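Beneath this line is the structure, given in C-alpha cells, with notes to follow.
The values are calculated or read from the model by the stated rules, or taken from the named source; none is laboratory data. Just so it is clear, the structure is predicted and the values come from calculations on it, not from any experiment. Neighbour counts run over all protein chains shown; Cβ positions are idealised from the backbone, glycine included. Heads up: the accessible areas ignore ligands, DNA and RNA and are worked out on the full protein's heavy atoms, side chains in. Shrake-Rupley method; radii C 1.70, N 1.55, O 1.52, S 1.80 Å.
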Amino acid sequence: MEDVINKTDIGYIYGLCCPTTSEVMYVGKSVIPILRFKAHLQKYNLLKKSKKNNWIIHLQNNNLKPNLKIIKIVPLENLN
C-alpha cells in the first residue's frame, strides 16, 4: 500500500470513522490522505464550528481519535 500512497497521479476518497462503531462519519478527498487526516486532528483546524469538528473534539475529550479508511483510489483528474 505504501507504494500506492506515494504515487502522484492518483487521488483518494477517504472516510473518518468512529473508533468505537467503525461508522463512517465524514468523507473527504485528498492526494495525501495521511497528511490530511493528521491535519483534521490539529487544534487550529478544529476552531471552525462544524459537525465534523464537534465530533472530533468530543472524541479527543474522551482520549479517542477517528480512524482513517481509504474508500476509493481514483485517477487524479477524477478527484475533483
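Points worth noting:
- Cα gyration tensor category, rounded, prolate or oblate, for the stretch 13-55 with a/c compared to 1.5: oblate
- Percent carbon-and-sulfur accessible area, the chain, ignoring ligands, DNA and RNA, probe 1.4 Å: 54 percent
- Candidates per GluC sites (Glu not before Pro) in the chain, loop by DSSP, up to 10 other Cβ within 10 Å: Glu23
- Selection of trypsin sites (Lys or Arg not before Pro), the stretch 6-73, meeting DSSP coil and at most 13 other Cβ within 10 Å: Lys7, Lys48, Lys49
- Averaging 1/r over each pair of different alpha-carbon atoms in the chain and inverting the result gives 13.3 Å, the Kirkwood hydrodynamic radius.
- Relative contact order (%) - criterion: Cα under 8 Å, at least six apart; region: the chain: 45 percent
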